[in-house]
Amino acid sequence: MLGHKRVLLGVTGGIAAYKAAELASRLVKEGAEVQVVMTEAACRFVSPLTFAALTGHPVLTDMFPASGEVTHIETASRAEVVAVVPATANFIAKMTMGMADDLLTAIILATSAPVVVAPAMNCQMYAKPVVQENLYKLRQRGVTVIEPGVGRLACGAEGPGRLADLDLILAHMALACSPRRDLGGKRVLVTAGGTREPLDPVRYVGNRSSGKMGYAMAQAAVERGAEVTLVSTVQHLPVPPMVTEVKVETAAEMLDVVLDRFPETDIVVKAAAVADYRPAETVNRKLKRGTGDLVITLQPNPDILAELGRRKTHQVLVGFAAETEDIVQNAAEKMRRKGVDMIVANDVTAPGAGFGADTNIVTVITADGRVEELPCLPKIVVAHKIYDLLTCTNQQ
């Protein structure tokens, strides 16, 4: 989301300034054009040369350069998002008062770009009423303030005040400059991964779903402004920032969680590959290898998507269909049978579209009969295109 964006990274004088160097590096790797502006105090913690080497651009520090250019106006007008990382208590106070006594404060006053602030300071300083009042005022003016993390600080104290996780900062920056905010105020519930139905303490009945498409759907919804809950069986994927995750294992557990949250949900994206059957009997000891055949009796699992289709009132349901033949016909029949508003079908045998791939090739079918075929794309791009079609359909 930050690729090709013009990012202004402001660095102020706190010990967490060294983490801003890693942030600058990650922004460059994402394809952003990064201009770093440092306060005089920040230069005492990290050399401007470090940021210049990481970004490929000279660091700006001087309000009155020898060239005579009006640096703060030109720099402010170019920025598409401004992030102050870290933001000290002193700098936050100056922002609140509207001061412009150095280059960074002047740029913030002059820019029309969204501003993101990541405070980092001693926990006693952070807790002071005046600091909290200043942060409240900044939020009221439209500044995105990222709550600091809790833990051991450089001074040895324990508590809130350490710089927020860089993934969270990047997510807030992407959100601040995202042109698509069409899911703002919506509650989205996404299911992801393949369920595991236990046979004994060692073995289970499952499938090959990696959960990557579901996680992409959750991330894309957050980027578009939604409040997202991710009900997941996955253990190996990082949870997208600002997403609330609920871990489950079986289809029955997933059903309980989804039904509990369904009344307050606006959009449900059922990307999980739920096992259709489970062992009729689960034993509490490992089944030993024998000399003959092992016969396992399976019984049907609850059909979560169909149950949601029966219960829905205002909710929009998006289903997924992993197929191997007659893709559109089978998916359209599943959509009609289960009462969903949109279904996303893919041929899991196609190169670039199978389980575990980072890309997908899908056909999106809507309840009004539209069929949209998408080429092979990264799953996060596929996710955004699905939401594009969903919001377009709901507006008609």
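The values are calculated or read from the model by the stated rules, or taken from the named source; none is laboratory data. From a predicted model like this one, the values you see are computed outputs, not experimental measurements. No Cβ is skipped: glycine too gets one built from the backbone with ideal geometry, and neighbour counts run over all protein chains shown.
The rows are residues; the columns are (1) over 28 Å from the mean Cα position of the chain (by Cα); (2) of a type outside the set (Phe, Trp, Tyr).
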| residue | (1), (2) |
| --- | --- |
| 262 | no, no |
| 270 | no, yes |
| 285 | yes, yes |
| 296 | yes, yes |
| 310 | yes, yes |
| 319 | no, yes |
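For the stretch 115-162, filtering for residues that are surrounded by 12 or more Cβ atoms within 10 Å (Cβ to Cβ), of a type in the set (S, T, N, Q) and within 29 Å of residue 75 (Cα to Cα) leaves 2. With a requirement of 2 or more residues that are free of Cβ contacts under 8 Å to residues at least 60 places away in the same chain, the strands (runs of 3 or more DSSP E) lying completely within the stretch 208-279 that satisfy it span 227-232, 243-247. Sort out which residues of the stretch 73-87 are surrounded by fewer than 23 Cβ atoms within 10 Å (Cβ to Cβ) and in contact with a strand residue (DSSP E or B) (Cβ under 9 Å, 6 or more places away or on another chain), and write them in order of number. Across the stretch 73-87, the qualifying residues are 75, 76, 78, 80. Inside the stretch 102-124, residues that are at pLDDT 90 or above, assigned to a helix (DSSP H, G or I) and of a type outside the set (Val, Ile, Thr) make up a count of 5.
Every residue, every condition in (1) basic (Lys, Arg); (2) in the same structural domain as residue 306 (by TED's automatic domain parsing), yes or no:
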residue: 203; (1), (2): yes, yes
residue: 209; (1), (2): no, yes
residue: 212; (1), (2): yes, yes
residue: 215; (1), (2): no, yes
residue: 229; (1), (2): no, yes
residue: 246; (1), (2): no, yes
residue: 268; (1), (2): no, yes
residue: 274; (1), (2): no, yes
residue: 287; (1), (2): no, no
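Taken over the stretch 196-233, the criterion of being among the polar types (S, T, N, Q) and at pLDDT 95 or above is satisfied by 229, 232, 233.
When the stretch 87-141 is filtered for residues that are of a type outside the set (A, V, I, L, M) and under 27 Å from the mean Cα position of the chain (by Cα), the ones remaining, listed by number, are 88, 111, 112, 114, 119, 126, 132, 136, 137, 139, 140, 141.
Set side by side, the residues 47, 77 differ, and just one is small (Gly, Ala, Ser), modelled with pLDDT of 95 or more and assigned by TED's automatic domain parsing to the domain that holds residue 163, which is 47.
With the requirement that a residue be part of a loop (DSSP other than H, G, I, E, B), aliphatic (A, V, I, L, M) and in contact with a helix residue (DSSP H, G or I) (Cβ under 6 Å, 6 or more places away or on another chain), what does the stretch 1-46 give you?
So in the stretch 1-46, the residues part of a loop (DSSP other than H, G, I, E, B) come out as 1-5, 12-16, 30-32, 39-41, 45-46.
Subsequent filtering for residues that are aliphatic (A, V, I, L, M) retains 1-2, 15-16, 32, 41, 46.
Answer for the stretch 1-46, where residues must be part of a loop (DSSP other than H, G, I, E, B), aliphatic (A, V, I, L, M) and in contact with a helix residue (DSSP H, G or I) (Cβ under 6 Å, 6 or more places away or on another chain): 1, 2, 46.
Which residue, of 88, 144, is in the same structural domain as residue 13 (by TED's automatic domain parsing), free of Cβ contacts under 8 Å to residues at least 60 places away in the same chain and β-branched (Val, Ile, Thr)? Quick ask: steps written out before the conclusion?
Details: 88 fails: free of Cβ contacts under 8 Å to residues at least 60 places away in the same chain.
Selected residue: 144, the only one of 88, 144 that is in the same structural domain as residue 13 (by TED's automatic domain parsing), free of Cβ contacts under 8 Å to residues at least 60 places away in the same chain and β-branched (Val, Ile, Thr).
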